[in-house]
Amino acid sequence: MTQSKYQSFIESSSIQGANAPYVEAFYEQFLDDPESVSPDWRAYFRLIQDQNAPREIAHSEVVARFERLAREPHRVVAAEAGFDALAAEKQGGVLRLINYYRMRGHQVARLDPLGLATGAQIADLDPAFHGLGPEDMETVFNTGSLAVDQDRLPLKEIIRILKSVYTDTIGAEYMYLTETEQKRWIQKRLEPMAFQPKLSPTRKREVLHQLVAAEGLERYLHRKYVGQKRFSLEGGDSLIPAMDEILHACAARDVDEILIGMAHRGRLNVLINILGKAPKELFAEFEGKYSAEALQKAGDVKYHMGFSTDVEVSGKRLHLVLAFNPSHLEIVNPVVEGSAKARQILRGDDSGQKVVPVLIHGDAAFAGQGVVMETLQLSDSHGYGTGGTMHIIVNNQIGFTTPNPIEADPGAEARTSRYCTDLAKMLEAPVFHVNGDDPEAVVFVTRLAMDFRNEFNKDVIVDICCYRRLGHNEADEPSVTSPVMYEAIKHHPTTLDLYTRKLEEQGVLTKADVETLSDAYRKGLDQGENTARVTLGLVGNKHTIDWRKYRQGELDGSVDTTVTADAIRTLNDKLLSLPEGFTLHPRVKKIYEDRAKMAAGELPMDWGFAETMAYAALIGEGFAVRLSGQDARRGTFFHRHVTVHDYHNGHRHTPLERLAADKSRFDVNDSLLSEAGVLGFEYGYSTTLPDSLVIWEAQFGDFANGAQVLFDQFISSGYAKWGRLCGLVCFLPHGYEGQGPEHSSARLERYLQLCAENNQQVCVPSTPAQMFHMLRRQMKWALRLPLIVMTPKSLLRHPLSVSPLEDLIKGRFQPIIPEVDALDAARVTRIVFCSGKVYFDLYQAREKQALDHVALVRIEQLYPFPREEYEAVLAQYPNASEIVWTQEEPENQGAWYQIKHRLQAYLLPQHRMLYATRAGSATTAVGYLKVHQMQQEEVINAALTGGTPTA
């Protein structure tokens, strides 16, 4: 009888009280042999019995067992035959307890080396919460999925194992993973290690040596360069043995390259003790001694500089790269991922087994900066996945002056999430929190994490819980805002001291051994030599790219970008070829039909045809093309269609992929709805593969401001600061069409403001042929510079913005397109210069008003400014006295403020400079169509017949 039915029977029956033992005896007799009781009792018992429940056991056996236990206390085995109900409940409690230690043990783990964190009280970890008491501690239970070598253990031993694994100096978070295989893998790596040494004696000595180097470098710099900023690693010293373990794990897997991205905290330590940079080079930077070549660039501070070298680890050669990084902490993350992806493409490394990205974060930045989420969201997406990234967080529990505890108090801290790492749960990436003062645990979980990454091709995070011994920088006084923390730090031994003491107690080494290591390291620094990591220098391999040849081109040099008519027809036939049975959407079918006519010269080319043909011709010549953006395949404005979809079944077809045997020669990706993350990725990719035309397209140019830090800190200035060449192309749809302030302006003025020292190109092509030649020029000349393009929107279908096929066969990119009509040069008194869509409005208005004394000239390349072509136009019209700049944008925006000095610099005394723009405005554009149209008409009229004189 089930508990509920039996209780109901007792409470509702008149047979109760003193008669209960009598009834119970009858019931047990019935259970043993139903025929042994009278038919009346048999019918009664069957009536109250649960017919769906398993056969019940006689209670007297249970009672007898408890009586025997009371008389003879000793260890028992739960769930013996016939002991189902109570034992099963207890056994279930044990399994739940195991599970809760896996899920919540991290909350009571000893993670804070300073001991300031208040210990959490987790009811789920109390055996009593699961129906287990002191009387059960000696009972032997089944260990379930606990990854130990015994199927049955006493409860107290199970709890001892769980505490050792999950509540000591490692706090593992992984039970939110969906895949059971991944959880079991982690359990099999963690749980058998209870009470086991995590490292061999030899490895322990190596770890100690790395801690000697980590602390030794910081102390040396502190004494030698007093007061200079270095963003010390002190307090987070275990990062160095952790990074060394990553190198060993990668060497064991035959990895070729490791790409590292990190901010400034501990960067100099990583440069010296992991990558093997010569200390004398670092000292020269502290002392302001630079080579003549270095002084030709703007340069950057020492803790932003990158480095690359080859090292030997466990007999294997590894190429190490530390990416250049500005002070925008986490912004380097997508850059590293993009570079890693490019290197994997170069090797045909589809699963990320040969190239591994490693990102080192700060706790406050990881929790607070949006680009972290954007980069994580790219981790396994099509076209962006790199086979998993190894993340290390140097969690010093503070962000500049703002407390950032390991486990946040909800509603009381600068962040909301419990841990700074909680964003990783979005990816189901495991997180291993570890006490930074236990370097053995740090090394152990780092190897575990690297092996997990390599096994499952997923991101994984090691959160080194540590502290910052000094202030944000060496001149900062942290005790002003964190007095309690820094009082504790003042009296806290260093990680090296603590580990030395531990190894002395274990007999692994003596204090004298440590002093010998420290003296040797210090003497090496005195001589400017690296004794912690000896490098092989830049040995290189078959994939190494010599970037020197991409500095040889001239900005004004001519390059042949034409394509023969036969090549166009051949390429177009391949592009229009469809798989058997493939059905195009009716609108796309019309586009394909028109493109066939364009290739035959029967129809003027539109933008979609010219752009696609540029890609096809480059692929045919051995270049690769990578295109990404939120609507890159179709094109935001329905013009591109590099991928088409079967109208009936949705199957995709990308013809450009089929032009070369290697399908990776063309890669198009509809990206995540992200600007900063995706643009950073493409920048990193383009700085790695110079023979790939890498294009990022904003959905609307207005939205690129969500990635402004990439334009400011990397794209426009990367070469001046770091000598990093980049051929990235940015398509920014731009044009005033009455769509309001968020869909009109790509903020042309911002990109022109960033122009100097021939650092990048800014172009505004107005015809399909110009687009074709501009893209081909980007790859054909021996130069790699970023290219910012104000691309068209409504102009894509403007009847005048077309090109004849002949322009691809014989033309070139024209920085300035002169007047296209056959005007009498002697009659021209006004020259109107402009860029982009406004030209066609001006052209139509001039025709309407029959103004044959006005010449219209398009400046298609605003930077570098085409001086020679500009002066040639001025010379072409000797009687022109009015030189007008016209733009759709307000006066304080667009190109005017950035190029007016160039327009005026080459004028003759007879010339007078005028401008025609919208009035200065705090916003880019009006939101009302009628007002837009009125303003546009005023600009056009002013350009042709009026204008405002310059001061």
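The values are calculated or read from the model by the stated rules, or taken from the named source; none is laboratory data. Everything numeric in this text was worked out from a predicted model, so none of it was measured. Please note: Cβ atoms are built from the backbone with ideal geometry, for glycine as well, and neighbour counts cover all protein chains shown. Only protein heavy atoms, including side chains, enter the accessible area calculation; ligands, DNA and RNA are left aside. Shrake-Rupley method; radii C 1.70, N 1.55, O 1.52, S 1.80 Å.
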HIS491: accessible area at probe 1.4 Å, nearest 10 Å²? 130 Å²
Tell me which residues come under 5 Å, amide H to amide H, from LEU787 once H is placed; ignore anything under 5 positions away on its chain. LEU728, VAL729, CYS730, GLN761
Taking the chain as the reference, fit the longest principal axis to its C-alpha atoms, fit the long axis of helix 84-104 to the helix C-alpha atoms, and give the angle between the two in degrees, 0 to 90, nearest 10. 30 degrees
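Got the relative contact order for the stretch 201-541 handy, in percent, Cα pairs under 8 Å and 6 or more residues apart? Intermediate values should be presented prior to the final figure.
Values: 633 pairs, mean separation 86.4, N = 341.
Relative CO of the stretch 201-541 lands at 25 percent.
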How would THR481, THR917 line up by accessible area, probe 1.4 Å, largest first? THR481, THR917
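Based on Cβ point charges of +1 for Lys and Arg and -1 for Asp and Glu, what charge dipole magnitude is obtained for the stretch 92-193 about its Cα centre, in debye rounded to the nearest 20? All intermediate terms of the calculation are to be shown ahead of the outcome.
Details: 12 positive and 14 negative charges, 38 e Å.
Value, rounded to 20: 180 debye.
Nothing charged except the Cβ atoms of Lys and Arg (+1) and of Asp and Glu (-1): what's the magnitude of the dipole of the chain about its Cα centre? Round to the nearest 20 debye.
It comes to approximately 2260 debye.
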Rounded to two decimals, the Debye log10 I(q)/I(0) of the stretch 319-423 (Cα scatterers, no solvent) at q = 0.10, 0.19 Å⁻¹ is -0.32, -0.93
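How would LYS930, LYS589, LYS188, LYS341 rank on accessible area, largest to smallest, probe 1.4 Å?
Details: LYS930 170, LYS589 105, LYS188 140, LYS341 30 Å².
These residues rank, largest area first, as LYS930, LYS188, LYS589, LYS341.
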Any chance you could give the angle, 0 to 90 degrees and rounded to 10, that helix 565-576 forms with the longest Cα principal axis of the chain? 30 degrees
Cα pair distances of the stretch 565-810 binned at 5 Å [whole percent]: 1, 6, 14, 18, 20, 18, 12, 7, 3, 1, 0
Can you list the HN-Hα couplings for the stretch 231-237, worked out from phi with the Karplus curve (6.51, -1.76, 1.60; θ = phi - 60°), rounded to whole Hz and with x for Gly and Pro? 6, 4, 8, 3, x, x, 4
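Provide the net charge surrounding GLY528, with neighbours chosen by a C-beta distance below 10 Å and charges set as Lys +1, Arg +1, Asp -1, Glu -1.
On the way: positive: LYS280; negative: GLU281, ASP526, GLU529.
Here the charged neighbours net out to -2.
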Check cross-link reach from LYS156 to the lysines: straight Cα distance under 20 Å, and skip same-chain residues fewer than eight apart. LYS90
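Looking at the chain, send over the antiparallel percent of its DSSP beta bridges, to the nearest 5.
Working: 27 of 91 bridges.
So the antiparallel bridges amount to about 30 percent of the total.
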Where the centre of each part is set by its Cα atoms, how far does the stretch 757-836 sit from the stretch 391-410, in angstrom? 52 Å
Quote the relative contact order of the stretch 92-193 in percent (integer), defining contacts as alpha-carbon pairs under 8 Å separated by 6+ residues. 36 percent
Which distance in Å, rounded to a whole number, links the C-alpha centroids of the stretch 182-227 and the stretch 98-177? 25 Å
For the stretch 817-949, just list the percent of Cα-Cα distances falling in each 5 Å bin from zero outward, please. 2, 10, 22, 25, 21, 12, 6, 2, 0
Projecting the Cα atoms of THR917, PRO864, PRO878 onto the charge dipole of the stretch 862-928, where Lys and Arg contribute +1 and Asp and Glu -1 at Cβ, the residue farthest towards the positive end is THR917
How much accessible area does ASP350 have with a 1.4 Å probe, in Å² rounded to the nearest 10? 140 Å²
Quick check: the distance between the Cα centres of the stretch 895-945 and the stretch 257-305, to the nearest angstrom? 47 Å
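Report the rotationally averaged projected area of the stretch 853-914 based on its alpha-carbon convex hull, in square nanometres. Working shown, then result.
Values: hull surface 17.3 nm².
Mean projected area of the Cα convex hull: 4.3 nm².
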Quick one: helix 201-224 against the long Cα principal axis of the chain, what's the angle to the nearest 10°, folded into 0 to 90? 50 degrees
Karplus (6.51, -1.76, 1.60) ³J(HN,Hα), θ = phi - 60°, over the stretch 303-315, in Hz, Gly and Pro reported as x: 8, 10, 6, x, 6, 8, 6, 10, 10, 10, 10, 6, x
How high is the relative contact order of the chain, given as a whole-number percent (alpha carbon pairs under 8 Å, six or more residues apart)? 10 percent
From the alpha carbon gyration tensor of the stretch 201-541, can you work out the equivalent ellipsoid semi-axes (sqrt of 5 times each eigenvalue) and give them in Å, largest to smallest? 27, 25, 22
Read-out Kirkwood radius over Cα pairs in Å, derived from the coordinates shown; its label in (i) 34.8; (ii) 36.5; (iii) 32.9: (iii)
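From the alpha carbon gyration tensor of the stretch 473-559, can you work out the equivalent ellipsoid semi-axes (sqrt of 5 times each eigenvalue) and give them in Å, largest to smallest?
Values: eigenvalues 429, 139, 33 Å².
Taking √(5λ) for each eigenvalue gives 46, 26, 13 Å, largest first.
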With a 1.4 Å probe and all protein chains in place, put GLU611, GLU504, GLU937, GLU374 in order of accessible area, largest first. GLU937, GLU504, GLU374, GLU611
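Over the chain, average the accessible area per residue using a 1.4 Å probe and give it in Å², no decimals.
On the way: 39800 Å² over 951 residues.
For the chain, the per-residue accessible area is 42 Å².
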At 1.4 Å probe size, what's the solvent-accessible area of VAL165? Round to the nearest 10 Å². 10 Å²
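Considering all alpha-carbon pairs of the stretch 92-193, what whole percent are spaced by more than 15 angstrom? Let's see the in-between values first.
Numbers: 3177 of 5151 pairs.
Within the stretch 92-193, distances greater than 15 Å cover 62 percent of Cα pairs.
Pop out the carbon and sulfur fraction of the accessible area of the chain as a percent, whole number, probe 1.4 Å.
Details: 19990 of 39800 Å².
Result for the chain: 50 percent of the exposed heavy-atom area is carbon or sulfur.
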LEU627's amide H: which non-local residues (gap 5+, or another chain) put their own amide H closer than 5 Å, with H modeled 1.01 Å from N in plane and none for Pro or chain starts? ASP667, VAL668, ASN669, ILE695
